[in-house]
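Everything below concerns the one structure shown next.
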Amino acid sequence: MSIEIEGLVVRYGAIAAVSDLSLRVPEGAIFGLLGPNGAGKSSSIRCVATVQVPTAGHVRVGGIDVVARPEEARRLLGVVPQHLALYEALSVVENLRVFGGCLGLSGARLGDRVAWGLALAQLEAHAEKVVGTLSGGMKRRLNIAVSLLHDPRILVFDEPTTGVDPQSRNHIFETVRALHAEGRTVVYTTHYMEEVEALCRDVAIVDKGRLVACDQLDRLVSSAAPRAFEVRVEGSSAEAVRAALAASGLHAAVSARGRSLEDVFLELTGRGLRDAS
Ligand SMILES: Nc1ncnc2c1ncn2[C@@H]1O[C@H](COP(=O)(O)OP(=O)(O)OP(=O)(O)O)[C@@H](O)[C@H]1O
Ligand SMILES: [Mg+2]
């Protein structure tokens, strides 16, 4: 297992942010962690990242207990925090050097990894720019790069696409997929369901500090019985469809749909495949 959380409790005074959470992230997974605001996702991630001491319970990263051996656990982990953690007054490349130094890199290795980080974030052309002047998407990309400079094999992304445009979001997706394809384990937290559907095979849902579901995405979705059906009838009127359904004893809401741009496109250009023969 890459990450094992057992009976985790996190309290902030009277607030119980995490209550008896148990979760296992298998090696090589892209694991979606979902939950409403205040569900306890970031509090759990901070325990995994060794920056928060659990009130109770155990967290192991690559089999290493994060409380007993935090430095060893940190070497395996790259945690991209929910809130941007960058030095706004420093340049892009200075940020990479400072974070690389904090992650234990120096000399030629640091130089190599700074170049890797610039390429990962696609910020080579902006290396000397002061971070405070960058767009939100550029900062998010840099926030990812500075967290992964030590080449960890277990990556945790806490809402990495908050406030970015579709282009930066797409770049972040491609980055996550590429890092996973190289054999790393990924935990991905977001409020956007379509991101989890696009990226993740395994999904956990937490609410009020507790695990409410954990399964493969397709099993989780198909386990619910379908409640609505889409039936497509062409060349008829809404009245005729309604009458036919009523005659069959089915009570159905029927609405007619106009042509979509795709319908128009296919009517104008035909439905035949254009494969070269
Ligand atoms: N440092 C803190 N001090 C006090 N309460 C906190 C602290 N951090 C989080 N909380 C509270 O703990 C609960 C869980 O917060 P947490 O940030 O872990 O949730 P989350 O699932 O990450 O939410 P979001 O989706 O909004 O990021 C919330 O009620 C929050 O207000
Ligand atoms: Mg959070």
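Every number here is computed from the coordinates shown, using simple stated rules; none is lab data. Just so it is clear, the model here is predicted, and its values are computed rather than measured. Note: ideal-geometry Cβ built from the backbone for every residue, glycine included; neighbour counts use all protein chains shown.
Footprinting exposure proxy ranking of LEU250, LEU268, fewest other C-beta atoms within 10 angstrom first, gives LEU268, LEU250.
Answer rounded, prolate or oblate for the stretch 29-69, using the Cα gyration tensor with square roots of eigenvalues a ≥ b ≥ c: rounded when a/c is under 1.5, else prolate when a/b is larger than b/c, else oblate.
It comes out oblate by the Cα gyration axes.
Per-residue ellipticity at 222 nm from helix content only, as computed over the chain with -39500 (n - 2.57) for each DSSP H run of at least four residues, stands at -10500 deg cm²/dmol. Once the Cα atoms are used to define both axes, helix 92-102 deviates from the longest principal axis of the chain by about 60 degrees.
How far is helix 136-147 tilted, in degrees, relative to the longest principal axis of the Cα atoms in the chain, given as a value from 0 to 90 rounded to the nearest 10? So the helix axis and the longest Cα principal axis differ by about 50 degrees.
Relative to one another, the C-alpha centroids of the stretch 1-69 and the stretch 244-268 are positioned 48 Å apart. Going from the residue with the fewest nearby Cβ atoms within 10 Å to the one with the most, PHE157, PHE173 rank PHE173, PHE157. Put simply, the amide H of SER91, placed in the peptide plane, has neighbours under 5 Å in VAL131, leaving out anything fewer than 5 places away on its chain. Semi-axis lengths, largest first, of the ellipsoid equivalent to the chain are 43, 28, 16 Å, with √(5λ) applied to each eigenvalue of the Cα gyration tensor.
Which percent, to the nearest 5, of DSSP beta bridges fully inside the chain are antiparallel?
Antiparallel bridges: around 55 percent, rounded to the nearest 5.
Listed by Cβ neighbour count within 10 Å, with the fewest neighbours leading, TYR12, TYR87 appear as TYR12, TYR87.
With Cβ to Cβ distances under 15 Å as the rule, what net charge do the other residues near ALA198 carry (K, R +1; D, E -1)? Please report the intermediate quantities before stating the final value.
On the way: positive: ARG169, ARG177, ARG201; negative: GLU174, GLU194, GLU195, GLU197, ASP202, ASP218.
Neighbour charge sum, excluding ALA198 itself: -3.
Principal axis analysis of the Cα atoms in the stretch 92-183 yields extents of 36, 34, 20 Å, listed in decreasing size.
The modelled label-to-label distance for the pair LEU268/MET1, using points 7 Å beyond Cα in the direction of Cβ, is 5.6 nm.
If I take every Cα pair under 8 Å that is 6 or more residues apart in the chain, average their sequence separation and divide by the length, what percent do I get for the relative contact order?
It rounds to 22 percent for the chain.
Taking the 0 to 90 degree range and rounding to the nearest ten, how far is the long axis of helix 238-247 tilted relative to the main principal axis of the chain, both from C-alpha atoms? Helix 238-247 and the main axis of the chain meet at about 80 degrees. Of the peptides 124-137, 24-37, the ranking by mean beta-carbon count within 10 Å, highest at the top, reads 24-37, 124-137. Annotation for GLN122 and GLU174: the two label points, set 7 Å from Cα along the Cα-Cβ direction, are 0.5 nm apart.
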